[in-house]
């Protein structure tokens, strides 16, 4: 019995009906179970080889910056170059995610890396990301034991390592990927963050100021597409399509 | 209208969000089709609201959260207070929430010894100014940079900030710095919700500043306050609505942050709240179902109808007198605070139809305002002089010759009385109107006269 019965009674009175019949309930349950996408704009149905370009174009419009590297081996140097160019210390807080172990961090001894959730003193964070959505230049970040969400919001500078093959077309594609990865319920992590550019506000005289309460800068290091057969995510994406 | 600052702010609105919205809509050819789908989704939800809310509750509980049903604003305030007390809270950070404004949560928490801290920059500014929001999306849009600089100088001295800042960038940076410690110190974080997902028990906020996220992830308790009509069946349905929301609100392709929250912190999570509570508020919404007002429950609070409304852009948000300003306020405020209190809102419409044309959910706002006007007349809510006036007008209007002569005399007299300024700051019988706005005087000729001249001119 729901604690909302008194509210449901008012709703039913307004709608001029009693509780739904079992057949009606079954239809509504089926609608949820189907979770069918509605209209997906043509822009989001971009061919696969154009997705990264669209993602980058849309993300750059809102102030996201990019670096491209041919392999994971090149990520530490790209990160150090980014930090140096902006006069930032080579000290960062990184997701304690084994996925990031494929990157040879010790190749750049100048980088001081701590792993864990973000604290007030952290100026730079680095995280992997679950997917990216081309239609609006949006990163999709999920929380779990290896991916604390504070890293996406507390530090001034947020650096994301993205594999080109994880760029999807539409928001719905990101949810399809989540559903496929967790066929058991619940498939939703505690937090899913859609991030589109660094934080901003227009609350003072409608003037856009970047760097409100979240990161002032958002930088994406893209590891370019490798042979398609290598990528588990890619295969998953295929299954969905 | 003597208020030069307000005039400056309203001037900015003219080139602000409305124009950005039009540009964003033009970039998405499917926009109108998305509106149709969104209308279908929302109508479907409203017709089955009991089912979707029950499913939502079940999923929140399955994820380890709790749902609190509140029929009235008072119940919602008391529920939130008791949750704050349970958490032993001295302060509660708050993300931007119109429903929290609707239930007047801040003064209630303060009166009961809990300090609410608004973290959205605009909400923070109006909290310092001790004013209500004047816009759904940009609550401090009526204040100038100079006024905000004064407020910060006055209130930030206690944090050792003695320099009066004048640049927007610097003001934002100072608020950011001060707010950091407050996020960390708070025991409770309160946010609203743009949508609720029945399928997964998820709550969604769409923001730009990142304050809503820090508000909900750092304290040990996250309370979501949301009204019952915010529920959607699936995440896919949310995708359709989200494609409309930012474009309609600010003309952005998408908000910086769209956050999907499902339950409290998981066992191996390194951050997130230990407790997750959703306070679901009816507050008269169920009574809108099955009435002329039902369509207004499709509203996603984007503010597009305000940005493009000639009345809102002339008088600003505070002139509406309650939480929801603009055309949507004129349509729903009479229901929430009573027609006796709000009958002049639907009356103050030019019926230009702009609001309905930009509403992403195609809410028939002028139609609803017309309904309220009729109600006010039938229920004899408008003051007697006004009702007598309308009856007199109706009698005269059925006699065209008399109407022409009468209106010429009235228009000429009013124009003369108003003098060179062409506006009344005060007018007998119109005090309610002129307290927060001017009444423009007619320019000396009647519409019928001008129409005749104009048609003659064009014919020749």
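Bear in mind that the values in this text are calculations on the coordinates, not laboratory data. Since this is a predicted model, take the numbers as computed values, not measurements. Positions of Cβ are generated from backbone atoms using ideal geometry, with glycine treated the same way; all protein chains shown enter the neighbour counts.
Provide the packing ranking of B:309-315, A:100-106, i.e. peptides ordered by the mean count of other C-beta atoms within 10 Å per residue, highest first.
So the peptides B:309-315, A:100-106, ranked by packing, come out B:309-315, A:100-106.
Between the beta carbons of residue A:112 and residue A:180, assuming R0 = 35 Å, the FRET efficiency works out to 0.40 to the nearest 0.05.
Note on residue A:42 and residue B:27: their simple-model spin labels are 1.7 nm apart, each label 7 Å out from Cα toward Cβ.
What is the antiparallel percent of DSSP beta bridges lying wholly in chain A, to the nearest 5?
On the way: 10 of 35 bridges.
Around 30 percent of the beta bridges assigned by DSSP in chain A are antiparallel ones.
Taking label positions 7 Å along the Cα-Cβ direction at both residue B:159 and residue B:337, the computed distance is 3.1 nm, reported to one decimal. Ranked by the mean number of other Cβ atoms within 10 Å of their residues, highest first, the peptides A:178-191, B:86-99 come out as B:86-99, A:178-191.
In the stretch A:43-240, Cα pairs under 8 Å separated by at least six residues give a relative contact order of 27 percent. For the residues of A:136-144, the average number of beta carbons from a partner chain within 10 Å of their own beta carbon is 4. Helix B:326-337 and the longest principal axis of the C-alpha atoms of chain B enclose an angle of approximately 70°. Exposure proxy ranking for B:308, B:344, B:150, based on other Cβ atoms within 10 angstrom of each Cβ and starting from the fewest, stands as B:150, B:344, B:308. At an R0 of 25 angstrom, the distance between the Cβ atoms of residue B:405 and residue B:457 translates into a FRET efficiency of 0.65.
Among rounded, prolate and oblate, which fits chain B when a ≥ b ≥ c are the square roots of the eigenvalues of its C-alpha gyration tensor, a/c under 1.5 means rounded, and a/b larger than b/c means prolate? It is prolate, given that a/c is not under 1.5 and a/b is the larger ratio.
Would you mind telling me the antiparallel percentage of the DSSP bridges in chain B, rounded to 5?
30
Note on residue A:13/residue B:72: beta-carbon distance plugged into 1/(1 + (r/R0)^6) with R0 of 22 Å gives a FRET efficiency of 0.85.
Helix content alone sets the calculated 222 nm mean residue ellipticity of chain B: runs of n ≥ 4 DSSP H residues at -39500 (n - 2.57) each, divided across all residues, give -15500 deg cm²/dmol. Highest mean packing first, where packing is the average number of other Cβ atoms within 10 Å per residue, the peptides B:32-40, A:151-159 line up as A:151-159, B:32-40. For peptide B:223-229, the mean count of partner chain Cβ atoms within 10 Å of a residue's Cβ comes to 1. The distance between label points at residue A:91 and residue B:104 comes to 5.0 nm (points 7 Å beyond Cα on the Cα→Cβ vector). Taking every residue in B:268-275 and counting other chain Cβ atoms within 10 Å of its Cβ, the average works out to 6. Cα axis of helix B:447-459 to longest principal axis of chain B: angle in degrees, 0 to 90, nearest 10? On a 0 to 90 degree scale, this one is about 80.
Residue exposure proxy: B:237, A:73, A:203, ordered by other Cβ atoms within 10 angstrom of their Cβ from fewest to most, comes out as A:73, B:237, A:203. Taking the C-alpha atoms only, the angle from helix A:5-15 to the longest principal axis of chain A is near 70 degrees. By the count of neighbouring beta-carbon atoms within 10 Å, fewest first, B:78, B:110, A:135 end up ordered B:110, B:78, A:135. Pull up the DSSP beta bridges for the protein assembly as shown and report the antiparallel fraction as a percent, rounded to 5. Rounded to the nearest five, the antiparallel share is 35 percent. Taken as Cα centroids, the stretch A:152-203 and the stretch B:125-165 sit 33 Å apart, rounded to the nearest whole angstrom. Taking the alpha-carbon centroid of each part, what is the distance from the stretch A:1-31 to the stretch B:272-328 in angstrom? First find each Cα centre; the distance between them is then 24 Å.
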